[in-house]
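Colleague: Below is a structure I'd like to ask you about.
Read-outs throughout are calculated quantities, based only on the coordinates presented, and are distinct from any laboratory measurement. Fair warning: this is a prediction, and the values are worked out from it, not measured in the lab. Don't worry about glycine lacking a Cβ; one is built from the backbone with ideal geometry, like all the others, and counts go over all protein chains shown.
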Amino acid sequence: ADPDPLQDFCVADLNATFSVNGYPCKPISQTTSEDFFFDGLSKEGNTSTIFGASVTSGNVQSFPGLNTLGISMNRVDFAPGGLNPPHSHPRATEAGVIIQGKLLVGFVTTDNVFHSKVLTAGQMFVIPRGLVHFQLNVGVGKALAFTAFNSHLPGVVLQAPTLFASTPPIPNQVLTKAFQVGDDVINNIKSKFGA
Ligand code: GLV
Ligand code: MN
């Protein structure tokens with residue numbers, strides 16, 4: 001979904017001012033082979049979170065060699081029962097492959113149709129750009145997946161914190177009406193997300 005590159009590469013100068021979802025290039029004379037390799041996805045993420053899952057990003061901000069190339073990857077680790085909670089990527093379609101374990105992968109279309117399937121090692125999925133999706137570990141042990149995106153910085157909108165933990169908070173008047181529940185329910189959810 002990113003624009004086509006205008007040169008072979010443009011290793012990001014992360015210290016330069018961030019502008020329009022891209023970084024200026026570091027000088028070619030300072031570019032080395034190391035700029036095109038990244039070992040940040042080699043280690044298991046910390047899944048001791050409330051969701052029991054961990055997303056490690058290999059995007060332009062962690063792997064500057066991806067700058068302007070329109071592609072990036074994540075590593076997603078799951079404890080047993082772990083959930084990568086409902087979220088969407090405004091700037092990329094996502095493709096994924098399961099490496100270990102058993103994941104329920106699902107997304108919802110703009111017509112409110114829920115598509116899902118349980119996948120095991122070697123199986124792939126695709127999440128169309130911008131649609132809300134999740135992965136849940138439904139196996140007995142840990143699970144591991146790698147995902148790929150057609151953007152060097154796909155962006156992530158996590159639906160629960162977006163609505164219940166924004167700064168400043170969305171007024172309860174909006175959320176009680178939107179979800180057709182009382183203040184008690186909204187306050188309870190807000191409290192779970194540290195608001
Ligand atoms: C999984 O949904 C991911 O965004 O890596
Ligand atoms: Mn995703």
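Colleague: Starting with the highest mean, order 122-133, 43-54, 28-39 by the number of other Cβ atoms within 10 Å, averaged over the residues of each peptide.
Modeller: 122-133, 43-54, 28-39
Colleague: Then there's this: Sort 145-151, 134-140 by the packing proxy (mean of other Cβ within 10 Å over each peptide's residues), most packed first.
Modeller: My ranking of the peptides, most packed first, is 145-151, 134-140.
Colleague: With labels modelled as points extended 7 Å from the Cα through the Cβ direction, what inter-label distance (nm, one decimal) is found for SER48 paired with ALA16?
Modeller: Placing both labels 7 Å along Cα→Cβ, they lie 4.1 nm apart.
Colleague: Let me ask something additional. How big is the gap, in Å, between the Cα center of the range 123-140 and the Cα center of the range 1-17?
Modeller: The two parts, judged by their Cα centres, are 29 Å apart.
Colleague: Taking the simple approach of a point 7 Å from Cα along Cα-to-Cβ for both ASP39 and GLN159, what is their distance in nm?
Modeller: Placing both labels 7 Å along Cα→Cβ, they lie 3.9 nm apart.
Colleague: According to the square roots a ≥ b ≥ c of the eigenvalues of the Cα gyration tensor, what is the shape class of the range 81-148, taking rounded for a/c under 1.5, prolate for a/b larger than b/c otherwise, and oblate for the remainder?
Modeller: prolate
Colleague: Take the Cα atoms of the range 1-93, build their convex hull, and give its volume per residue in Å³.
Modeller: Normalising the Cα hull of the range 1-93 by residue number yields 121 Å³.
Colleague: Hey, what did the chain get for relative contact order, percent, Cα under 8 Å, at least 6 apart?
Modeller: With pairs under 8 Å counted, the relative contact order is 22 percent.
Colleague: Long-range amide H contacts for ASN150: which residues qualify at under 5 Å (H placed 1.01 Å from N, peptide plane, sequence gap of 5 or more or a different chain)?
Modeller: Those qualifying (amide H under 5 Å, at least 5 residues apart or on another chain) are THR93.
Colleague: What is the diffusion coefficient of the range 102-195 in µm²/s, taking the Kirkwood radius over Cα pairs and the Stokes-Einstein relation at 25 °C with a viscosity of 0.890 mPa s?
Modeller: Calculated translational D: 155 µm²/s.
Colleague: Another one. Counting only Cα, what are the radius of gyration and maximum Cα-Cα distance Dmax of the chain, in Å?
Modeller: Answer for the chain, Rg first and Dmax second: 18.7, 61 Å.
Colleague: OK, next. Computed FRET efficiency, Cβ-Cβ of ASP4 and LEU131, R0 35 Å: what is it to the nearest 0.05?
Modeller: Taking R0 as 35 Å, the efficiency between ASP4 and LEU131 is 0.90.
Colleague: What's the ranking of 177-183, 75-81 by average number of surrounding C-beta atoms within 10 Å, highest first?
Modeller: Answer by packing, highest mean first, reads 75-81, 177-183.
Colleague: Would you calculate the separation in nanometres between label points at THR31 and LYS177, each defined as 7 Å from the Cα along the Cα-to-beta-carbon direction?
Modeller: Label at THR31, label at LYS177, 5.3 nm between them.
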